[in-house]
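The values are calculated or read from the model by the stated rules, or taken from the named source; none is laboratory data. Computed from a predicted model, the values in this text were never measured in an experiment. Don't worry about glycine lacking a Cβ; one is built from the backbone with ideal geometry, like all the others, and counts go over all protein chains shown.
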């Protein structure tokens with residue numbers, strides 16, 4: 001017989017099912033961007049549809065203005081709300097165990113030990129898959145990859161490509177959809193990096209509506225660290241008490257997302273205002289087994 005234990009499939013199913021209750025949270029805590037979005041309530045599952053729609057405000061109400069006494073107030077329709085549209089992307093990590101391995105790893109305790117080891121690897125693989133995807137342009141895996149920061153934020157010299165179904169431009173009607181860029185003519189040094197960052201910060205600020213998270217790779221991290229060490233006023237707080245290595249820049253957390261196997265874009269700093277950034281998993285596919293009763 002291929003399976004000596006008639007309950008073996010139940011063990012597999014229940015083991016996977018029990019772990020899925022914590023997988024989504026573990027993936028979130030593995031990445032500073034998702035952690036910040038979780039803290040702000042910006043991880044918003046969607047329930048269905050052929051695509052993901054994210055509503056956005058793209059203009060002010062044109063009826064606003066000053067008045068006196070019996071002046072007639074304008075009540076014209078002001079079109080200020082639209083939505084960005086994104087394709088649904090799917091990701092999975094199959095966990096495989098053969099009938100022979102089940103027999104060789106006989107006994108309930110040993111079975112769970114083996115599954116735990118393989119599920120732990122699967123969870124870590126999913127963390128890395130999502131982390132890479134968060135920086136992607138959505139073109140990986142033949143266009144099946146999630147749209148990440150490389151798709152959302154144009155680099156210097158980038159084209160006015162369509163993002164979320166909206167064509168963006170540096171000026172005109174869709175200027176609101178175009179990100180700010182600071183690309184110095186010469187390579188930054190510890191002595192000049194803060195000048196460039198100050199300039200980009202000013203471009204991104206609107207009153208107290210400012211970037212709160214700056215994601216950097218190893219190169220930018222080392223350069224910013226060096227710029228602070230000469231002044232002896234840097235600190236290393238833990239973002240959300242979750243152990244991310246971070247510094248501060250005008251109140252924003254500067255987080256190293258390089259390190260060993262990091263996915264951060266080389267020599268790039270992303271200034272993010274996470275009030276306007278969302279992660280939209282499907283309500284029925286947020287780190288769950290695809291077929292818990294069969295596999």
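Some observations on this one:
- Across the stretch 277-295, the number of residues qualifying as closer than 13 Å to residue 54 by Cα and either assigned to a loop (DSSP other than H, G, I, E, B) or modelled with pLDDT under 90 (or both) comes to 4.
- Meets criteria (in contact with a helix residue (DSSP H, G or I) (Cβ under 8 Å, 6 or more places away or on another chain), at pLDDT 90 or above and crowded, with 17+ Cβ neighbours inside 10 Å) for residue 149: no
- Residue 88 touching a strand residue (DSSP E or B) at 6+ places or on another chain (Cβ under 8 Å), surrounded by 10 or more Cβ atoms within 10 Å (Cβ to Cβ), modelled with pLDDT of 85 or more and in a loop (DSSP other than H, G, I, E, B): yes
- Here is the figure for the stretch 183-197: residues that are free of Cβ contacts under 8 Å to residues at least 24 places away in the same chain and assigned to a loop (DSSP other than H, G, I, E, B) total 5.
- Selection status of residue 267, modelled with pLDDT of 80 or more, loosely packed, with under 15 Cβ neighbours inside 10 Å, touching a helix residue (DSSP H, G or I) at 6+ places or on another chain (Cβ under 7 Å) and farther than 27 Å from residue 122 by Cα: yes
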